[in-house]
Amino acid sequence: MKNENKAKTWHWYYLRMMTVIFSIFLAVPVVNVPAESLTGRDIMVKADERPDGEDRKSVSRMILVNKRGRTRERVMLTFAKDYEGLTRSLFFFKKPADVKGVGFLSFNYDEPERDDDRWLFLPALKKVRRISGSSKNDYFMGSDFTYDDMGGRSVDEDTHRLLGEEPLDGSACWKVESVPRDKGYMYSKVNRWIAKDSAVVLKAEFFDRQGKPLKTLRITDVNQVGGFWTVFRMEMENYQEKHKTIIEIDEMKYDSGLKDRLFKVSTLERGRIK
């Protein structure tokens, strides 16, 4: 009973952190569109449609920094593959010991009205649990990122307005304001700085329902891997919680020929990759 209670606690904790980590890598090509014809929505579509190969695998670290400056770090092994109208992703935690072996499998559908399918493996119970319901507003792994922050939000769930052009750290950028159509959404608006040459979001300011600044995302390391623009470091600072989350990519590979059989519940049940 003690182990089962512990596992249930893990279940809710890790549900909050599970998402498609690979979508934060923001691989995008340069698309030549006449600047004068672009609307706020056009720019958001350009940033959202991120060709990143047929599949991806990576090793990443998530560093949590509390208001006292103390840090916690987790290491993740992530796999993802694209299908028609669907992306399948799988990852396991490698470190530290208290999360090692926790795994998550997700089928993410392009249709905004369709809920994703998710399964979670808990080593303490040696069971796979299917996770239902929407979690797009949930934070994960005690971090400052929600599912939607990590790329799960459809462009047309918001209305977008081009505020103008504004340079950021030497990069020419468009500045776009996005306001959710759902008035009950956790953000009242998000302002984004999107690089003109790569369509990478270099900065985003999030405002709470009362219109007060909530947090800011900063992208500080972008390079090309296999012809794709890839984000290697991002930092989300939460002003209200006085908390910070840093994500760093240590290894990233595209188009490595991942097999379909990898993305199955049976892989979770093994608790590891063969």
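What follows is calculated from the coordinates using simple rules that are stated; it is not laboratory data. Quantities reported herein were computed from a predicted structural model and do not represent experimental measurements. When we count neighbours, we look across all protein chains shown, and the Cβ atoms used for this are built from the backbone with ideal geometry, even at glycine.
Here the Karplus curve 6.51 cos²θ - 1.76 cosθ + 1.60, taken at θ = phi - 60°, turns the phi angles of the range 256-261 into couplings of 9, x, 4, 7, 4, 5 Hz, with x standing for Gly and Pro. Once backbone amide H atoms are built at 1.01 Å from N, LEU163 has LYS175, VAL176, GLU177 as its partners under 5 Å, excluding neighbours fewer than 5 places away on the same chain. Model label sites at THR71 and LYS127, defined 7 Å from Cα along the beta-carbon direction, differ in position by 3.7 nm. Spin-label model, LEU163/ASN137: points 7 Å from Cα along the beta carbon direction are separated by 2.3 nm. Once backbone amide H atoms are built at 1.01 Å from N, TYR147 has ASP138 as its partners under 5 Å, excluding neighbours fewer than 5 places away on the same chain. For the listed residue pairs LYS95/LYS189; LYS189/LYS264; LYS95/LYS242; LYS67/LYS94, the alpha carbons are over 29 angstrom apart in LYS95/LYS189; LYS189/LYS264.
In a reduced charge model with +1 at each Lys and Arg Cβ and -1 at each Asp and Glu Cβ, the range 61-124 shows a dipole moment near 900 debye about its Cα centre.
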